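Visitor: Have a look at this one.
The values are calculated or read from the model by the stated rules, or taken from the named source; none is laboratory data. In this text the structure is predicted, and so the values were computed from the model without any measurement. We place every Cβ from the backbone using ideal geometry, glycine too, and count neighbours over all the protein chains shown. Only protein heavy atoms, including side chains, enter the accessible area calculation; ligands, DNA and RNA are left aside. Shrake-Rupley method; radii C 1.70, N 1.55, O 1.52, S 1.80 Å.
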Amino acid sequence: MHVDTKFGNRELRRLGMHEQRRILVIEDDPDISQMLALNLRNEGFAVGVERDGEAGLARLKQERHHLLVLDLMLPGMDGWNVCREVRRMPDYLPIIIVSAKVEETHRVLGLELGADDYLTKPFSLPELVARVRAVLRRMDAAELQAATLAGVIRRGALSIDPVAREVRLRDESVVLTLREFDLLLFFARHPNRVFNRMELLDQVWGYSHDGYEHTVNSHINRLRTKIESNPAQPACILTVWGVGYKFVDPGAEA
């Protein structure tokens with residue numbers, strides 16, 4: 001892996017890239033959970049297993065993990081609620097949902113709740129491993145990019161700190177979800193460029209599958225309510241009809 005000379009092993013260790021990756025599997029089927037754990041361990045990961053939502057969530061709060069493999073149909077707290085609770089935790093944890101629920105509405109809901117990927121059962125173990133590695137690579141790339149491009153981005157009354165992951169509007173803190181922050185940061189780094197929904201899915205979410213475009217719409221609508229003076233008549237994140245969206249730097253004219 002090539003790294004800029006400013007960022008050596010010390011920086012990579014700070015970002016967690018030289019640690020053995022810890023994965024938690026929350027799956028109530030003992031055969032599936034054991035199979036997942038065995039194969040992921042064979043790939044060099046440290047793997048823990050829990051078979052109900054409450055125990056899994058408690059373990060996530062007690063121990064540091066790099067990725068969660070989550071079933072939806074669990075005894076007690078189901079996977080949907082586990083996903084919601086994980087997204088309320090202060091540190092971002094990638095989530096791959098594995099579920100027998102194959103309907104598109106379930107896949108979209110899982111992604112809306114903050115899952116990074118959704119894999120339907122039955123699935124091949126090599127595919128799961130490939131998706132785990134892909135999600136971890138994206139996390140590494142995002143963290144290294146944030147360190148490399150450290151520095152507050154200012155767009156009009158907005159200030160965005162990519163390392164602290166903080167947004168302020170007219171010096172007031174703005175509370176964003178992790179995905180809302182990533183979306184705003186991407187827009188702010190590419191002002192006045194028009195992106196269609198598939199491009200935004202690919203750049204911000206890391207996938208660009210048909211049927212998920214309305215995920216972009218809902219995130220943009222929520223983002224507008226938090227940063228626009230009048231969300232019904234946005235001045236920053238504009239809709240380009242028939243094409244997509246663009247971010248207009250509100251301080252450019254000034």
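Visitor: Only one of these conditions is not met by Ala164: (1) closer than 28 Å to Asp140 by Cα; (2) touching a residue at least 24 places away in the same chain (Cβ under 8 Å); (3) part of a loop (DSSP other than H, G, I, E, B). Which number is it?
Guide: Looking at each condition in turn, Ala164 falls short on (2).
Visitor: Does Ala115 count as of a type in the set (Gly, Ala, Ser) and not in a helix (DSSP H, G or I)?
Guide: Criteria met by Ala115.
Visitor: Moving on. Hey, among the residues in segment 105-134 that are modelled with pLDDT of 85 or more and β-branched (Val, Ile, Thr), which one's surrounded by the fewest Cβ atoms within 10 Å (Cβ to Cβ)?
Guide: It comes out as Thr120.
Visitor: One residue is enough: does segment 89-98 have a residue meeting the conditions open to solvent by 10 Å² or more (accessible area, probe 1.4 Å), closer than 30 Å to His214 by Cα and in contact with a strand residue (DSSP E or B) (Cβ under 6 Å, 6 or more places away or on another chain)?
Guide: yes
Visitor: On to the next question. Do you know which of the residues in segment 17-36 that are over 23 Å from the mean Cα position of the chain (by Cα), of a type outside the set (S, T, N, Q) and more than 18 Å from Cys83 (Cβ to Cβ) is surrounded by the fewest Cβ atoms within 10 Å (Cβ to Cβ)?
Guide: Ranking the candidates gives Asp31 first.
Visitor: For Gly156, indicate whether it is farther than 23 Å from Gly206 by Cα and crowded, with 16+ Cβ neighbours inside 10 Å.
Guide: yes
Visitor: Still on this structure, please answer the following. When the residues of segment 41-70 are filtered to those that are farther than 18 Å from Asp116 by Cα and touching a residue at least 60 places away in the same chain (Cβ under 8 Å), which remaining residue is most open to solvent (accessible area, probe 1.4 Å)?
Guide: Applying the filter and picking the extreme gives Glu43.
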